[in-house]
1. Pairs 3/177; 3/145; 3/204; 104/177: which are spaced more than 27 Å apart, C-alpha to C-alpha?
2. Taking every pair of Cα atoms in region 74-207, average 1/r, invert it to obtain the Kirkwood radius, and report Rg/Rh to two decimals.
3. Given the -39500 (n - 2.57) contribution per DSSP H run of 4+ residues, what per-residue ellipticity at 222 nm results for the chain, rounded to the nearest 500 deg cm²/dmol?
4. Using the Cα centre as the reference, give the magnitude of the dipole from point charges on the C-beta atoms of the chain (Lys, Arg: +1; Asp, Glu: -1; all else neutral), rounded to the nearest 20 debye.
5. Would you work out which of 73, 90, 164 lies farthest towards the positive end of the dipole of the chain, given +1 charges on the beta-carbon of Lys and Arg and -1 on that of Asp and Glu, about the Cα centre?
6. Expressed as a whole number of Å, what is the distance separating the alpha-carbon centroids of region 42-74 and region 183-229?
7. Can you order the peptides 52-58, 157-163, 10-16, 217-223 by their average number of other Cβ atoms within 10 Å per residue, highest first?
8. Apply 1/(1 + (r/R0)^6) to the Cβ-Cβ distance of residue 153 and residue 71, taking R0 = 25 Å, and write down the FRET efficiency to the nearest 0.05.
Amino acid sequence: MKKIAIIEDEPAIRENYMEMLSAQGYLVSGYSNRQSAEHAFNDALPDLAIVDIGLGHEIDGGFLLCQTLRSLSKTLPIIFLTARDSEIDTVCGLRMGADDYLTKDISMAHLAARIGALFRRMEALEQPADQNALLNRGPLTLDTKRMQVFWQQQIVDLTVTEFWMLHSLAQRPGHVKSRNELMSDAKIYVDDSTITSHVKRIRKKFIALDTDFDCIDTVYGMGYRWEQV
């Protein structure tokens, strides 16, 4: 049974989400603030975290919690679920390593579908290594079963969303992928600025390993492409 943690300071909203997800067979834990969640996560991490940004007196408590979670796990799926819909908040959330950013006007069915998609992608990590699942592009290697990425034989810590966006680009070097195509291949439903933020974050992670990295090319007005080394 998959374990989901919901960090939401409004009791009625928290209970509503917990009831819905429990009915779908998940083991759900709820927390009203960052401190209680962090205390629990130091003992055991959930399989997925749903985080509000404003938590009690902490206006950006959810952002701080996301940073803590990412320090504990590079691959734990994290979803921001918040009333804050500004582009700045969305970009900040994704830059901190969240896999998805949703607003609270989303339907329960849509939320459940997004959670299910993240779990299906995470299940690939449990698969054994398979040479047929490897995609090699010069110094880049992607293992589509274990969802691991290597650059010059060094592992690149990508979230599941970032992995599938990179996979989409690397499948056809030199071919321009529109933002809509990247969104479809990664099975996320966000605006153009969010896709841009994901791409910037992917670049940053590669550059941290190789300052000469320049394989993701922006084609203005069209999208992005992978340039073969």
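Every number here is computed from the coordinates shown, using simple stated rules; none is lab data. Treat the numbers as computed from the prediction; the structure is a model and nothing was measured. Quick reminder, even Gly has a Cβ in these numbers, built from the backbone with ideal geometry, and neighbours come from all protein chains shown.
1. Listed pairs above 27 Å: 3/177; 3/204; 104/177.
2. 0.96
3. Calculated from helices alone, the mean residue ellipticity at 222 nm is -13000 deg cm²/dmol.
4. 640
5. Farthest along the dipole direction, towards plus: 164.
6. If we compute the Cα centre of each part, the gap is 25 Å.
7. Output ranking for 52-58, 157-163, 10-16, 217-223: 157-163, 52-58, 10-16, 217-223.
8. 0.55
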